[in-house]
Amino acid sequence: MNRIRPYCQLFCFLLIGCSLVFMNGCKKKEVRVEKITNVSVQPAVKKQFRPFIEATGTLNPFEQVSIGAEIDGIIKTVRADEGTIVSKGMLLATIDDIEYNQGLLSAQAALKQAEATLANAKVEFARKDALHKEELVTQQQYDDVSTRLALAESDVEKAKAALSIAKQKLEKTKIYAPLASRVKEKTFSAGDFVKNGTRLFTLIQPNPLKLDFSVSERDVGKIKVGQDVLVKVDAFPDREFTGKVSIVFPSLEEKTRTLSIEALVPDKEGILKPGLFARVILYTGGMKDTVVIPITAILYEGDRTRTYVVEGDRAKERPVKLGNKYDEEIEITEGIGEGEKVVIAGQQGLSEGAKVSFQGIERKDKTMQTDGRPAKPR
């Protein structure tokens, strides 16, 4: 047994050595297989679009006028109600005029009396003036008659002013529409007593409508008077209304850093209503060539936007700058050129230089309208 033991130990060592040599040999023969990611690609294309800015706004009447009572009195008649279409100069209401007619008659009588007194004063002054020149009356007598003449003339002017005021008050018992418009609100009824300054009617002029909206600070340089706007409202989802920029306000709102814009939107049919919320597309230029890719190709990381393109069989990361959205496509202002193969599916697991297997997706271009804008701009 003692002679056999050394041979057993030697055999064990040889067996372990052979195993190690065999394992090392296997490791050397291992080949690392590179991962291939399956993706879908679509070429970036160039189309013609009109550049635009999206905003939200509110439709307001072109003019809104509040009409108030200018005298105290009781409402006698009412000729218009909410919603009434009125023409310029139309009689809207009357205030009881009995008191003001009496005031006019009193003012007319006072003027006649003052004119008669003036006539007598003139006759007396003429007589005393002739006697004064011949030194047949004292200076005191002459001064007295001159004063009476001046006072009589002043009384006539006062009476004329009072008569004018009485006429104006009588005229103000009738309330007329200052412009062709529609009655938005009526705040009284026949028989109500109103005081000077009481608001009676609110009139609005709804055609054209004013569209008030704002744009961000970065877009201020693109805005000018006369630019076209496209307007959509929820009340008429299948209708589009057009207008033009009429006012670009001179300064930005400090808190929001936005610039207020006003556009005029014609509404000959009278279907739009002041107060409606509006989605606005403001066109900032004519037709231009624009590189677009599918929105699904864009990856967002905070303020950073990027996408992947395929070069050969490798994925390449590209930072991009975005422009406007057109349906399911988005404008690329920087980072992608026309014809480059953009990864539109499978890019979530990609990294720079990753090997890819890809297949192209057939493009289904959106129909363009005659004015060059997309069928349904977002």
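FYI, it's all coordinate maths here, none of it is from the lab. Because the structure is a prediction, the values reported are computed rather than measured. Neighbour counts run over all protein chains shown; Cβ positions are idealised from the backbone, glycine included.
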request  = Could you list Y100, Y308 in order of exposure, starting from the residue whose Cβ has the fewest other Cβ atoms within 10 Å?
outcome  = Y100, Y308
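Please identify the helices of the chain, taking whole runs of DSSP H, that span at least 20 Å along their own axis as judged from the Cα atoms and have a mean Kyte-Doolittle score of 0.5 or higher. Let's see the in-between values first.
Numbers: long enough: 4-29 (38 Å, 0.81); 98-133 (52 Å, -0.31); 139-171 (48 Å, -0.62).
Span-like helices in the chain: 4-29.
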remark   = Those GluC sites (Glu not before Pro) from region 118-157 that are DSSP loop and have at most 15 other Cβ neighbours within 10 Å turn out to be E134, E135
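Which FRET efficiency value, to the nearest 0.05, do you get for E185 and I247 by plugging their Cβ-Cβ distance into 1/(1 + (r/R0)^6) with R0 = 35 Å?
Computed FRET efficiency for E185 and I247: 0.85.
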query = Quick one: if you stick a label point 7 Å off each Cα along the C-beta vector at D81 and E240, how many nm between them?
reply = 4.1 nm
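Could you line up L91, L211 from fewest to most neighbouring Cβ atoms inside 10 Å?
Working: L91 13, L211 27.
Final ranking by Cβ density, sparse to dense: L91, L211.
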remark   = Here FRET efficiency (C-beta to C-beta, E254 to A109, R₀ 51 Å, nearest 0.05) is 0.20
ask   = Leaving out same-chain residues fewer than 8 places away, which lysines sit with a Cα under 19 Å from that of K355?
value = K35, K316, K341
key: Ellipticity estimate at 222 nm from DSSP helix runs (n ≥ 4, -39,500 (n - 2.57)) divided over the chain, nearest 500   = -9000 deg cm²/dmol
ask   = How far, in nm, would the chain grow between T333 and K133 when pulled straight, counting 0.36 nm per residue and subtracting the alpha carbon separation?
value = 62.0 nm
request  = Report, by chain and number, residues whose modeled amide H sits under 5 Å from the one on I71, excluding near sequence neighbours (fewer than 5 apart, same chain).
outcome  = G197
ask   = Given the Cα-Cα distance of S164 and K325 and 0.36 nm per residue of separation, how much length would full extension add, in nm?
value = 51.3 nm
Trypsin sites (Lys or Arg not before Pro) restricted to region 188-261 and DSSP loop, no more than 16 other C-beta within 10 Å = K195, K224, R239, K255, R257
inquiry  = For T305, what residues show an amide H to amide H distance below 5 Å, using hydrogens built from the backbone and excluding near sequence neighbours?
reply    = V320
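Calculate, in nm to one decimal, what V123 and K288 gain on full extension: separation in residues at 0.36 nm each, minus their alpha carbon distance.
Numbers: separation 165, 0.36 × 165 = 59.40 nm, distance 8.99 nm.
Going from the current span to full extension adds 50.4 nm.
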